Amino acid sequence: MTNQNVVVPDAKQGIDITIAMALPKSLFSPVVPKPLPAAPGGYFTITRKRFSKKTETGGKISSWVDSMRDSSPTRVKSTTSLLETEEKNSWIVNHPSALNMFEQIVKGSKGKQIVMFLDYDGTLSPIVEDPDRAFMTNEMREAVRDVARYFPTAIVTGRCRNKVALAAASAVVILKVYSFVRLAGLYYAGSHGMDIEGPSKNNCKYKKGGVLFQPASEFLPMIDEVYNILLERTKSIPGAKVENNKFCVSVHFRCVEEKMWAILVEQVRSVLNDYPKLRLTQGRKVLEIRPTIKWDKGKALEFLLESLGYANSTDVFPVYIGDDRTDEDAFKVLRNRGQGLGILVSEVPKETNASYSLQEPKEASSLVQQASCYTFICGNNYS
Ligand SMILES: O=P(O)(O)OC[C@H]1O[C@H](O[C@H]2O[C@H](CO)[C@@H](O)[C@H](O)[C@H]2O)[C@H](O)[C@@H](O)[C@@H]1O
């Protein structure tokens, strides 16, 4: 049975958060946060300011390629300079591990309704070469299923909403452990939040179940058209992969040789010249073509909170876990609201609006698992 309205027990009610710490270690700390590894050359020094200057549509091809290279390092420095070590140390002080800070997070959320927002690629699933093989692990799937029993939980992703569901479902089929139905209790915000669906049985006050919002629906034919043109224009570039994400298109260059990146960007840019209502952004070894509407993952987060009845509430504690630039819009919303917390999944320091960090999806799985274990125990004994 699900109980998505579970509120984190309040200390005033006599709940001792140290109870969580007293639970078996295997339940609560399956992953010990690793010390930060040496950052690959050039990665963490890229600033958002610098990135945005160079990646607006209309910038030079060479700027795009520079930006792609900056965020996709191929060289790993053998030694780390003192400056870099200091920068890494100060970054971790400012963005501590959410696993290490679990007790404080529980304190901060006491008496409030937690709402979980989870990015997919790089957060729930590890980054792999083939986007069609980016499955969640068995463990992660279980953690997400469990946490969704206690708190409203949304997956917020650049992927096509149906495809994310399919990726999750395929994992179920392959592993033959969980059924897809167990994830029906989640909200899905696909296409960078432009395609929002609620669970069929839920407490969504805006509308019960089904598609809740599609702010870019008028762009559907245009996106299809651009997807087909891009397929054609990039087919001669070895390794390039074009993905139709319904309200946006991804052009992957993870498997494209660096010397071909300029040609790829040139092709994409030349197509977009004929579509001024579309814009080009960049993710992890991917170029993203999106409508120019003012909608992003941050707006999707606000929309979902409003749908759940928490638009102006001070009694809500949204937790957003993500790894990519597109997740920064959501981190920013939380920072501006002064509510909840953003958690960046990253092995290396990055400029971010998130307050805490985790190094890899495995740690995200542990944190999500801890949240549901804690709530299960405290809810049973104290609420
Ligand atoms: O918002 P997200 O859930 O993080 O989705 C962003 C993009 O993720 C996928 O691409 C990324 O993951 C792939 C699989 O690990 C990897 O091969 C690729 O290089 C990454 O960019 C997805 O395929 C894209 O459509 C999403 O926009």
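Taking the stretch 125-145 as the region of interest, how many residues are near the ligand (Cβ under 8 Å from one of its atoms) and assigned to a loop (DSSP other than H, G, I, E, B)?
Qualifying residue count for the region: 6.
Quick grid of which residues meet (1) modelled with pLDDT of 95 or more; (2) among the hydrophobic types (A, V, I, L, M, F, W, C):
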position	(1), (2)
R335	yes, no
S346	yes, no
I377	no, yes
N380	no, no
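Take the residues in the stretch 296-319 that are among the β-branched types (V, I, T) and more than 12 Å from the chain's Cα centre (by Cα), then tell me which one is nearest to the ligand (Cβ to nearest atom).
V316
Taking the options G338, G322, name whichever one is of a type in the set (G, A, S) and surrounded by fewer than 18 Cβ atoms within 10 Å (Cβ to Cβ).
On inspection, the qualifying residue turns out to be G338.
Tell me, which residue of the stretch 78-116 that is loosely packed, with under 14 Cβ neighbours inside 10 Å and closer than 28 Å to E129 by Cα is modelled with the highest pLDDT?
T79
Can you tell me which condition P291 does not meet? The list is (1) out of contact with any Ser or Thr (no Cβ under 7 Å at 6 or more places or on another chain); (2) surrounded by fewer than 19 Cβ atoms within 10 Å (Cβ to Cβ), and all the others hold.
Checking P291 against (1) out of contact with any Ser or Thr (no Cβ under 7 Å at 6 or more places or on another chain); (2) surrounded by fewer than 19 Cβ atoms within 10 Å (Cβ to Cβ), the one that fails is (2).
Report every pair of residues separated by at least 6 positions or lying on different chains whose Cβ atoms are under 6 Å apart, first residue within the stretch 222-249 and not assigned by TED's automatic domain parsing to the domain that holds S191 and away from the ligand (no atom under 14 Å from the Cβ), second among the polar types (S, T, N, Q) and outside any loop (DSSP other than H, G, I, E, B).
Pairs found: R233/Q267; T234/Q267.
When residues of the stretch 320-369 are filtered for being within 15 Å of the ligand (Cβ to nearest atom) and either in a helix (DSSP H, G or I) or in contact (Cβ under 8 Å) with a residue 40 or more places away in the chain (or both), how many remain?
Residues in the stretch 320-369 being within 15 Å of the ligand (Cβ to nearest atom) and either in a helix (DSSP H, G or I) or in contact (Cβ under 8 Å) with a residue 40 or more places away in the chain (or both): 24 in total.
Sort out which residues of the stretch 138-160 are among the small types (G, A, S) and more than 13 Å from the chain's Cα centre (by Cα), and write them in order of number.
Of everything in the stretch 138-160, those that are among the small types (G, A, S) and more than 13 Å from the chain's Cα centre (by Cα) turn out to be A143, A148.
Which residue is nearest to A240 (Cα to Cα), if the candidates are limited to the stretch 87-124 and must be out of contact with any Asp or Glu (no Cβ under 7 Å at 6 or more places or on another chain) and within 16 Å of the ligand (Cβ to nearest atom)?
D121
For the stretch 210-251, which residues satisfy the criterion of being among the basic types (K, R) and not in a strand (DSSP E or B)?
R233, K235, K246
All but one of (1) within 16 Å of the ligand (Cβ to nearest atom); (2) part of a helix (DSSP H, G or I); (3) surrounded by fewer than 20 Cβ atoms within 10 Å (Cβ to Cβ); (4) within 24 Å of the chain's Cα centre (by Cα) hold for R279, so report the exception by its number.
(2)
Is it fair to say I263 is within 14 Å of the ligand (Cβ to nearest atom) and under 19 Å from W64 (Cα atoms)?
Taking the combined requirement at face value, the residue does not satisfy it.
Residues of the stretch 297-319 being part of a strand (DSSP E or B) and of a type in the set (A, V, I, L, M), which ones?
V316, V319
The values are calculated or read from the model by the stated rules, or taken from the named source; none is laboratory data. Small disclaimer: the values here were computed from a predicted structure and weren't measured. Here Cβ is always computed from backbone atoms with ideal geometry, including for glycine, and neighbour counts include all displayed protein chains.
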